[in-house]
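Some notes on the structure that comes next.
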């Protein structure tokens, strides 16, 4: 059985009005209409993904921000101080 981290090499946090959503994906894309889409693909034993697929999406207005999150504490990575 596969787990979420089999589908992407990065761990992202997406914030909105509700609880944050954490998603493994290779990349995030903001579409021309303002939707946020997570893209990735299944990897067997760490290999490269055979094909890219849409993993998750948030409609325009349903998300506010996104950032690369730490696997340890889910806080932003590569950020010294968030204000």
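Every number here is computed from the coordinates shown, using simple stated rules; none is lab data. These figures come from a predicted structure and were not determined experimentally. Heads up, the Cβs are rebuilt from the backbone with ideal geometry, glycines too, and the neighbour counts pull from every protein chain shown.
Side notes on the structure shown:
- Largest-first principal axis extents, alpha carbons of the chain, Å: 38, 32, 20
- You can think of it this way: the chain between residue 2 and residue 65 has 19.9 nm of extra reach, that is 0.36 nm per residue less the Cα-Cα gap.
- Placing pseudo-labels 7 Å out from each Cα toward the beta carbon at residue 50 and residue 32 gives an inter-label distance of 3.2 nm.
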